[in-house]
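Inspection log for the structure reproduced underneath, given as structure tokens.
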Amino acid sequence: MTANLSFGELSSRVPKLHQGRSHTWGIHPRLAEFLDEQLKPDHVTLETGFGYSTLVILRKGVARHIAIAPVADELLAIREFCAGNGIPTASLEAVARRSQDWLPGASLPALNLVLVDGDHAFPIPFLDWFYTAETLVLGGLMIVDDIHLVTGRLLADFMDADPKWERVLYEDMRFAVFRKLKHPVHEGGWTEQPYVVDSRPVHHVNVVRAAPPGPVYKAMAAVYVRLPHSAQVLYRHLRSRLREKVSGRVERLDAD
């Protein structure tokens, strides 16, 4: 059962759901549109966190939607808005608990879509991904929101480098969408994870602390995000090899 409320109407009247109903930390409009385009009535979906995304998913009338977050008032606000705007909630399975507490013991159904958008503190996004990736069907979508935060960005970068996933949509500094290509996801050790292998040893990894980026970095970043995915992979590979050569030279100088 789908809602009478149109997507345009929903996007123009998003209620205040968070921080005591004083604010809404909404997903990016492009992601909301993507969800509206992709979701089907027979889909089974899961998200960590309650919010605007919950309303977008429920409006599409999916068969089952599991939403996990510990703030009961956010869920109440969602149900009140749905009741007042003709959005069915029969498919909503709300879990008012922390995802890191509930997911490890949960018996999850086969999922068509997962949205990781709950607690962004380390290591919660990685746990959300770990406990849902195997139940995601082949061809299913895994979405990582808030990739402007280092936890989300590391998870997105890991999936970007892994041949078990295919990048579908990427909004720099906001969200990343990947399609599952292979199963099982967690099979094999670290030597079969390209992101880990290419980052070995760890001094090859540059973690840039929060600082105003200079004009050169901004220009390079603007070019990089517009490159095809294959070109980005090649760039990262060449950069890794260059760092290995530079590191080797430095080590030889130190030895001398």
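As a calculated quantity, the FRET efficiency between VAL223 and VAL137 at R0 = 35 Å, using C-beta atoms, amounts to about 0.50. For the stretch 122-200, count all C-alpha to C-alpha pairs, find those more than 15 Å apart, and express that count as a whole percent of the total. Taking all Cα-Cα pairs of the stretch 122-200, the fraction more than 15 Å apart is 54 percent.
Extension gain, GLU166 to ASN85: 0.36 nm times the residue separation minus the Cα-Cα distance gives 25.5 nm. From largest to smallest, the equivalent ellipsoid semi-axes obtained for the stretch 27-114 from the alpha-carbon gyration tensor read 19, 16, 12 Å. In loop segments of the stretch 109-176 as defined by DSSP, the GluC sites (Glu not before Pro) with at most 15 further C-beta atoms inside 10 Å of their C-beta are GLU134. The distance separating the Cα centre of the stretch 55-78 from that of the stretch 119-185 comes to 21 Å. The share of alpha-carbon pairs in the stretch 7-193 lying farther apart than 31 Å comes to 11%.
Coordinate-derived values only; no laboratory data. This structure is a prediction, so every number in the text was calculated from the model and none was measured. Positions of Cβ are backbone-derived with ideal geometry, glycine not excepted, and every protein chain shown enters the neighbour counts.
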